[in-house]
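Asks: So that we are looking at the same thing, I have put the structure below in structure tokens.
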Amino acid sequence: MSDSLMKTYSPQDIEFEHGQGAWLWDKHGKKYLDALCGIAVTGLGHNYPAVTEAVARQAGLLIHTSNLYMITQQRRLAEKLIRLSAMDRVFFSNSGAEANEAAIKLARLYGHQQGIENPTIVTTHNSFHGRTLATLSATGNPKIQAGFEPLVGGFIHVPYNDIPAIEGLAESKNNIVAIMVEPIQGEGGINIPADDYLASLRMLCDRQGWLLILDEIQTGLGRSGKWFSFQHCGITPDVMTLAKGLANGVPIGACLAKAAAAEVFQPGNHGSTFGGNPLACAAASAVIDSIEEHDLVNRAMELGERIRNGLELGLRDNRLVVEIRNQGLLIGIELEQPCAELVNRGLAQGILLNVTASRVIRLLPPLILSNDEADAIVEKIVGLITSTIRVAA
Ligand SMILES: *Cc1c(COP(=O)(O)O)cnc(C)c1O
């Protein structure tokens, strides 16, 4: 093991040399089915021609100028995102955490503009919003916060999928400016709230004058079977953040805002050196065009159902399985015992998967799967779970 890197990760002793579609090859020539996509990033799979071409073409023209000048690729991308989401304006960052930082700053400034002195944002337990100081403070997970105190103030955590808990706060607090939630909790274990949760949050925000901020960093860009997961619920947020799947692996994030929220930032309030650079924006535009051209949003829905049905059939008598849940290609299989060892057993069997919240197998496969590849994922996962030994409680 190299000691030149900080120990933030303890990587597997596996290195992938190249990829094609849903497949990765390591340096020994072993082939793996990628059911994780770098955690919901490479939604178009690996070496997707339109993205490879867009990156190569843009690199040959210009990689970076500065936000001090006009960047056509950035405006073009913003217009596509606005058309698809019905939001009004976009700020581009380089990562998910940075997109959420922008959303948090926007909400605070919005509060101050209304004379609220200590603007507070409501977030939820088991959420994940990033690793910067403000976003880890927003994150409802003590493991991610431990050791980094003092945390950034101005966040209140409530249970996820619990409207009464927030209604209680509305009565006792007068400095709340926003609610920030994931439409489906990703790191938290593919937790899907009640069908009317987002609509209830929307009504509460409207009544109280709060901003509804949706973190769609994991759920966005077609993976859920809609362009954005909130579109399953017939509402629109005031602020939405994106990153992961936006440019198929080229670093980019985005904070979108609507109506009054879109007018909050003025020159000097926020910025980024790299954010919205021509290279990342050209890649992201190619991603969006490709998803549209091949109707991959509906395909994600179809593939999600196919995989879910296959898993339900293959695991129907399995006593380890507590629940199989999905929205499109956000798929969680909750077991009744911790199952971290499945990651290594999966690699041995030639499949990349993730275990989160200690006992949820998380699958985030690419939107470009063939039916055969989807069935191969099902077969491998069913095999892995079926050969897992049940541990007495
Ligand atoms: C991954 C993720 C983030 C953080 O994104 P980074 O690009 O790693 O900073 C924030 N929110 C959600 C919901 C995520 O899944």
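The values are calculated or read from the model by the stated rules, or taken from the named source; none is laboratory data. Bear in mind that the values here come from a model prediction, so they are computed numbers and not experimental data. Neighbour counts run over all protein chains shown; Cβ positions are idealised from the backbone, glycine included. Please note that ligands, DNA and RNA were not included when accessible areas were found on the heavy atoms of the full protein model with its side chains. Shrake-Rupley method; radii C 1.70, N 1.55, O 1.52, S 1.80 Å.
Asks: At 10 °C and 1.306 mPa s, what whole-number value in µm²/s does Stokes-Einstein give for the translational diffusion of segment 340-389, with Rh from the Kirkwood sum over Cα pairs? If you can, show how the numbers build up before the last one.
Replies: On the way: Rh = 11.4 Å.
For the chosen part, D equals 140 µm²/s.
Asks: Restricting to Cα pairs below 8 Å that are 6+ residues apart, what does the relative contact order work out to for segment 331-393? Please round to a whole percent. Before the final figure, lay out the partial values.
Replies: On the way: 56 pairs, mean separation 22.1, N = 63.
So the answer I get is 35 percent.
Asks: Just want to confirm a number: the relative contact order over the chain, from Cα pairs under 8 angstrom separated by 6+ residues, in percent. Could you put the intermediate results ahead of the total?
Replies: Numbers: 775 pairs, mean separation 88.2, N = 393.
Here the relative contact order equals 22 percent.
Asks: Over 10 Å intervals from 0, what percent of Cα-Cα pairs in segment 1-43 sits in each interval?
Replies: Distribution as computed: 24, 45, 30, 2 percent.
Asks: What is the ratio of the Cα radius of gyration of segment 67-125 to 2.2 N^0.38 Å, with N the residue count, to two decimals? Walk me through the intermediate numbers first.
Replies: Details: Rg = 14.4 Å, N = 59, 2.2 N^0.38 = 10.4 Å.
Computed over Cα atoms of segment 67-125, the ratio equals 1.39.
Asks: For every helix of n ≥ 4 consecutive DSSP H residues, a contribution of -39,500 (n - 2.57) applies; sum these over the chain, divide by its total residues, and give [θ] at 222 nm rounded to the nearest 500 deg cm²/dmol.
Replies: Details: 13 runs with 143 residues, N = 393.
Per the formula, -11000 deg cm²/dmol.
Asks: May I ask you to rank 64, 112 by accessible area, largest first, using a 1.4 Å probe over the protein chains only?
Replies: Most to least solvent-accessible, the answer reads 112, 64.
Asks: For the chain, what does the convex hull of the Cα positions come to per residue, in cubic angstrom?
Replies: 160
Asks: In whole Å, what is the distance between the alpha-carbon centres of segment 279-307 and segment 355-387?
Replies: Distance between centres, Cα-based: 20 Å.
Asks: Quantify how much of the Cα-Cα distance distribution of segment 1-141 extends past 22 Å, in percent. Mind dumping the intermediate values first?
Replies: Details: 6288 of 9870 pairs.
Of the Cα pairs, 64 percent sit more than 22 Å apart.
Asks: For segment 260-393, state what percent of all Cα-Cα pairs lands in each successive 10 Å bin, counting from 0 Å until the bin that includes the largest distance.
Replies: 11, 33, 24, 18, 11, 3, 0
Asks: Still on this model: Report the Cα centroid-to-centroid distance between segment 53-124 and segment 184-206 in angstrom, as an integer.
Replies: Value for the Cα centre distance between the two parts: 23 Å.
Asks: Then there is this: Can you flag which of 143/244; 105/258; 7/143; 80/258; 80/105 are past 19 Å Cα-Cα?
Replies: Details: 143/244 22 Å; 105/258 15 Å; 7/143 16 Å; 80/258 15 Å; 80/105 24 Å.
Exceeds cut-off: 143/244; 80/105.
Asks: Right, next: Identify the chymotrypsin sites (Phe, Trp or Tyr not before Pro) of segment 197-291 meeting these criteria: DSSP loop state and at most 11 other C-beta atoms within 10 Å of the C-beta. Mind dumping the intermediate values first?
Replies: On the way: sites: 197, 210, 227, 228, 230, 265, 274; in loops: 210, 227, 228, 265, 274.
Loop-located and lightly packed - none at all.
Asks: When averaged across all projection directions, what area in nm² does the alpha-carbon convex hull of segment 135-248 cover? Could the numbers behind the result be given before it?
Replies: Details: hull surface 30.9 nm².
Value for segment 135-248: 7.7 nm².
Asks: Shifting gears a bit: Quick one: with all protein chains in place, what share of the accessible area of segment 237-393 is carbon or sulfur, to the nearest percent (1.4 Å probe)?
Replies: Working: 3160 of 6300 Å².
After summing per-atom areas, the C and S share lands at 50 percent.
Asks: Compute the accessible area per residue over the chain, keeping the other protein chains in place, probe 1.4 Å, unit Å². Display every interim value, and only then the final one.
Replies: Values: 18070 Å² over 393 residues.
Computed with neighbouring chains in place, this is 46 Å² per residue.
Asks: Let me ask something additional. Over segment 154-276, what is the relative contact order in percent, taking alpha-carbon pairs closer than 8 angstrom and at least six residues apart? Present the calculation step by step, with values, prior to reporting the outcome.
Replies: Details: 154 pairs, mean separation 23.1, N = 123.
RCO, segment 154-276: 19 percent.
Asks: Provide the packing ranking of 80-93, 367-380, i.e. peptides ordered by the mean count of other C-beta atoms within 10 Å per residue, highest first. Don't skip to the end; give the middle numbers.
Replies: Numbers: 80-93: 20.1, 367-380: 17.9.
Those peptides, ordered most packed to least, come out 80-93, 367-380.
Asks: Further question on the same structure: How about residue 31: which aspartates and glutamates have a C-alpha closer than 12 Å to its C-alpha, ignoring those fewer than 8 places off in the same chain?
Replies: Within the straight-line limit of under 12 Å, residue 31 reaches these aspartates and glutamates: 15, 17.
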